[in-house]
Each structure stands twice: as C-alpha cells, then as structure tokens.
1. Over the chain, with a Gaussian network built from C-alpha contacts below 10 Å, which listed residue (Pro38, Pro63, Pro26) shows the highest mean-square fluctuation?
2. With the chain treated as a Gaussian network of Cα nodes joined by springs under 10 Å, which of Gly23, Gly13, Gly127 yields the largest mean-square fluctuation?
3. In the chain, once you exclude exposed trypsin sites (Lys or Arg not before Pro) (DSSP loop, at most 15 other Cβ within 10 angstrom), what's the longest stretch remaining?
4. Which residue, Trp69, Phe139, Gly13, has the largest displacement toward the positive end of the dipole of the chain when charges sit on each Cβ (Lys, Arg +1; Asp, Glu -1)?
5. Residues in the stretch 97-136 near a label at His73, defined as backbone nitrogen under 11 Å from the 7 Å Cα→Cβ point?
6. Over the chain, average the accessible area per residue using a 1.4 Å probe and give it in Å², no decimals.
7. Could you tell me which GluC sites (Glu not before Pro) in the stretch 75-141 are loop residues by DSSP with no more than 15 other beta carbons within 10 angstrom of their beta carbon?
8. Once you treat every alpha carbon in the chain as an equal point and sum by Debye, what is log10 I(q)/I(0) at q = 0.19 Å⁻¹?
Amino acid sequence: GARTGLLGANGSGKTTLLRLLCGQLPLQQGQIERRALPLYLEQSGKAPDADTLAFETLLAFRPELPPLWRALHEQEYHMADPVVYAEQVAHFAELEGYRYQAQAESMAESFGFVSCDLLRPLASFSGGERRLLQLAAIFAA
C-alpha cells in the first residue's frame, strides 16, 4: 500500500484534515470520497480507561469489535449463558472478528508483545508501549 506524508506549519489544519478523512469529524460542507479507510494515530497522551484491555486497542480501528470481543471474553471467563455466548460467537464471526483478531495478534507479536500482554489493562502499559500497541493496530487494520 501507498503511504503519504502530510507536512505543514503548526495550526495549518493537518490534524483537522486527517480527522475529516477518517470520519472522526463531520464535514461542514462538501464531500469526501474514500477508496480506502485512512487511519489516524491520535497525538494526545490522555490516559486510557482503567478497564480497557490491551487487546481492545488492537481492535479499535473496527469500532464494532472491541465491545463484542469484551463480551465474549467475559462470557468465557464466567462460563455464562451458552445460548448468549453462541449468538455472540456467531456475530463476531459474521463481522470477520476472528480473522481480524488473528491479524491483530500477529502484528502485536511482531511489535514484541506476547499473548498474556494483550489481556493486561491498557493503563498498566507505559506511554511508549501504548503507542506501540496503537501502531500495531494500524498495521493490522
């Protein structure tokens, strides 16, 4: 795939343009035609939610997957209702969640993370480790 750099002076609108392209901001006028999904790594160093797991970060570029993955993970952990679990598994599979999960795990591994790291709360990682997870997520997307 092609990669493009965006250069400009501070305050010239680089971040705003990227957020518009990624659909994170609504357009005031005009339209954007996308042939591929652009991905944007947020600059802010804001602290993650205490209960967010590292693996949810890897799935974040498919916004429908993290909550479903979390629900599946909790169902497995608590050995809860098998009917609900089966429905969630089917839905996750429909969304190609298992394929995307395998890609994300593989990419995280290539960035030096091991499986047990991915079940740690994101807040337990250093800022640099969180940035690496975000990069892994972009490359897996």
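The values are calculated or read from the model by the stated rules, or taken from the named source; none is laboratory data. Source: prediction; values computed, not measured. Cβ sites come from the backbone with ideal geometry, for glycine too, and all protein chains shown count toward neighbours. Side chains included, ligands, DNA and RNA excluded: accessible areas come from the protein's heavy atoms. Shrake-Rupley method; radii C 1.70, N 1.55, O 1.52, S 1.80 Å.
1. Pro26
2. Fluctuation is largest for Gly13.
3. Values: sites that count: Arg3, Arg34, Arg35, Lys46.
Counting only loop sites that pass the neighbour cut-off, the longest clear stretch is 47-141.
4. Gly13
5. Of the residues in the stretch 97-136, 116-123 have backbone N under 11 Å from the label point off His73.
6. Details: 9390 Å² over 141 residues.
Value returned for the chain: 67 Å² of accessible area per residue.
7. Numbers: sites: Glu76, Glu87, Glu94, Glu96, Glu105, Glu109, Glu129; in loops: Glu96.
Answer by residue number: Glu96.
8. -1.22
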